[in-house]
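The values are calculated or read from the model by the stated rules, or taken from the named source; none is laboratory data. In this text, all values refer to a predicted model and were calculated from it rather than measured experimentally. Cβ sites come from the backbone with ideal geometry, for glycine too, and all protein chains shown count toward neighbours. Just the protein is used for accessible areas: all its heavy atoms, side chains included, with ligands, DNA and RNA removed. Shrake-Rupley method; radii C 1.70, N 1.55, O 1.52, S 1.80 Å.
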Amino acid sequence: MSVKAVIVGAGMGGMSAAIALEQLGIEVAVYEQVTENKPVGAAISVWSNGVKCLNHLGLQKETAELGGIVDSMSYVDGFTGDTMCRFSMQPLIDEVGQRPYPIARAELQLMLMNAYGYDAINFGKKMVAVHDGDDRATVEFADGTTDSADIVIGADGAKSLTREYVLGGPVARRYAGYVNFNGLVEVDEKIGPATEWTTYVGDSRRVSVMPVAGNRFYFFFDVPMPEGVPFERGTAREVLAAEFGDWAPGVQTLIEKLDPATTNRVEILDLDPFDTWVKGRVAVLGDAAHNTTPDIGQGGCSAMEDAVALQFAFRDHPDDPLAALAAYQAARTERAGDLVLRARKRCDVTHGKDPEKTAAWYEELRGEDGTNIIRGIVGNIVGGPLT
Ligand code: FAD
């Protein structure tokens, strides 16, 4: 039986799924509401599980070329600049069998789009409705056109319309209590060593840099504050200088060097895990299925895992799309939900939900030799379709 899939959303989840399904010979049509590749956000940390998925999609060389080299990790006292702990990433790499790669988001996105075929993506197509049917599922676009296929995969992100359809109504996301400022900046060792993931912590805040290719750091600042505080794009330097004025010299250098015009500000939300990902021939994937805080850097990796799991489900049920989607759901909901809850837990400790727990964490960091942190990260990495 020849299967056709419509994928809505050309983010990292949708593009990974498009490549994964095409590897099986499934005909894929991708629809994306924006008119060009312009992702929000500067970079992501693709942990070893995500890298294994990209390798599986045939992108081993390209991924390694775009990835920053993280040889070590450190935590630094945000106020004094004293190192709390520093340790090698090698034990992690040895244990899981793959180096992680932080990658600039636009470059990761473009790599996936090119692997599928940039010109084959239907840009400027905003889905406004999706319906299941006996033989086909159908999507409708804002321009009045439609497309039908054996399956529709809604990889339409955190505010997914497909999710609304699958669950039978809208669900409310939860504000996680902090705002994340992020961007790219030229490597400067006054901020942190060039091959280290350096994190300054203090006062329930976090300032972090990690290398991506091209002698650049991906940086981010986490600032707890109420939801809805107004912000004018381009003013990040003033805002961060006011928030972090008494922080260590490395943080001041970062604030001076960042480009306010390209610094993003994102309010962080997540969504309680849910187990219904499929309604007949319509399924959700990526943030549409599991919207997480970025506190363990697993949202995108989990979307890539979804794509590989979807491929395995169709490999095992090549002639039965309904069975394949059921197998996909069965393979993914527990694992993805676990990552959302792990991230929420880390988020709360990092951002002072209970200040005593945050203070205890800072004390732990001062006595850490890396063993506990690496154990925690390995716990996030293992458990996906490629383990
Ligand atoms: P998206 O990337 O949101 O893509 C969805 C696409 O669907 C978009 O292109 C959108 O335009 C399109 N779309 C939406 N609605 C429609 C419609 N109606 N019609 C047509 N198209 C539509 N993850 C990690 O793995 N590691 C990290 O280090 C990390 N850091 C992060 C830091 C921050 C600050 C944030 C906010 C997230 C981070 N993440 C990280 C999470 C990661 O960004 C997401 O999990 C990932 O982008 C999800 O990919 P996706 O394809 O599901 O959704």
Which condition from (1) part of a helix (DSSP H, G or I); (2) within 16 Å of the ligand (Cβ to nearest atom); (3) in contact with a His (Cβ under 8 Å, 6 or more places away or on another chain) is the one that residue 273 breaks? (1)
Being among the aromatic types (Phe, Trp, Tyr), farther than 17 Å from residue 28 by Cβ, surrounded by fewer than 16 Cβ atoms within 10 Å (Cβ to Cβ) and away from the ligand (no atom under 11 Å from the Cβ) is the requirement here; does residue 175 meet it? yes
For residues that are closer than 13 Å to residue 120 by Cα, open to solvent by 10 Å² or more (accessible area, probe 1.4 Å) and within 22 Å of the chain's Cα centre (by Cα), tally how many sit in segment 1-34. 3
Within segment 101-108, is even one residue more than 16 Å from the ligand (Cβ to nearest atom) and touching a residue at least 60 places away in the same chain (Cβ under 8 Å)? no
May I ask you to list pairs of residues, at least six apart or on different chains, whose Cβ atoms are under 7 Å apart, with the first in segment 337-364 being touching a residue at least 40 places away in the same chain (Cβ under 8 Å) and the second being among the aromatic types (Phe, Trp, Tyr) and surrounded by 14 or more Cβ atoms within 10 Å (Cβ to Cβ)? 351/178
Does residue 124 satisfy being within 26 Å of residue 219 (Cα to Cα), open to solvent by 20 Å² or more (accessible area, probe 1.4 Å), among the small types (Gly, Ala, Ser) and within 12 Å of the ligand (Cβ to nearest atom)? no
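When you check residue 66 against the structure, is it among the aliphatic types (A, V, I, L, M), open to solvent by less than 10 Å² (accessible area, probe 1.4 Å) and on the phi < 0 side of the Ramachandran plot, yes or no?
Values: among the aliphatic types (A, V, I, L, M): yes; open to solvent by less than 10 Å² (accessible area, probe 1.4 Å): no; on the phi < 0 side of the Ramachandran plot: yes.
Taking the combined requirement at face value, the residue does not satisfy it.
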Answer yes or no: is there a residue in segment 145-166 that is modelled with pLDDT under 95 and either more than 10 Å from the ligand (Cβ to nearest atom) or in contact with a helix residue (DSSP H, G or I) (Cβ under 8 Å, 6 or more places away or on another chain) (or both). no
Could you go through segment 198-213 and let me know if any residue there is surrounded by fewer than 16 Cβ atoms within 10 Å (Cβ to Cβ) and touching a residue at least 12 places away in the same chain (Cβ under 8 Å). no
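Here is a check on your reading of the model: is residue 182 out of contact with any Pro (no Cβ under 7 Å at 6 or more places or on another chain), surrounded by fewer than 20 Cβ atoms within 10 Å (Cβ to Cβ) and either of a type outside the set (Phe, Trp, Tyr) or touching a residue at least 24 places away in the same chain (Cβ under 8 Å) (or both)?
Working: out of contact with any Pro (no Cβ under 7 Å at 6 or more places or on another chain): yes; surrounded by fewer than 20 Cβ atoms within 10 Å (Cβ to Cβ): no; either of a type outside the set (Phe, Trp, Tyr) or touching a residue at least 24 places away in the same chain (Cβ under 8 Å) (or both): yes.
Considered against the rule, which asks whether it is out of contact with any Pro (no Cβ under 7 Å at 6 or more places or on another chain), surrounded by fewer than 20 Cβ atoms within 10 Å (Cβ to Cβ) and either of a type outside the set (Phe, Trp, Tyr) or touching a residue at least 24 places away in the same chain (Cβ under 8 Å) (or both), residue 182 comes out as no.
Per-residue answers, yes or no, for (1) touching an Asp or Glu at 6+ places or on another chain (Cβ under 7 Å); (2) of a type outside the set (A, V, I, L, M); (3) under 27 Å from residue 205 (Cα atoms):
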site	(1), (2), (3)
84	yes, no, yes
95	no, yes, no
103	no, no, yes
123	yes, yes, no
134	no, yes, no
140	no, yes, no
147	no, yes, no
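Would you check if residue 46 is in contact with a Phe, Trp or Tyr (Cβ under 7 Å, 6 or more places away or on another chain) and more than 9 Å from the ligand (Cβ to nearest atom)?
Numbers: in contact with a Phe, Trp or Tyr (Cβ under 7 Å, 6 or more places away or on another chain): yes; more than 9 Å from the ligand (Cβ to nearest atom): no.
So residue 46 does not fit the description; no.
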Could you say which residue among 195, 235 is within 22 Å of the chain's Cα centre (by Cα) and not small (Gly, Ala, Ser)? 195
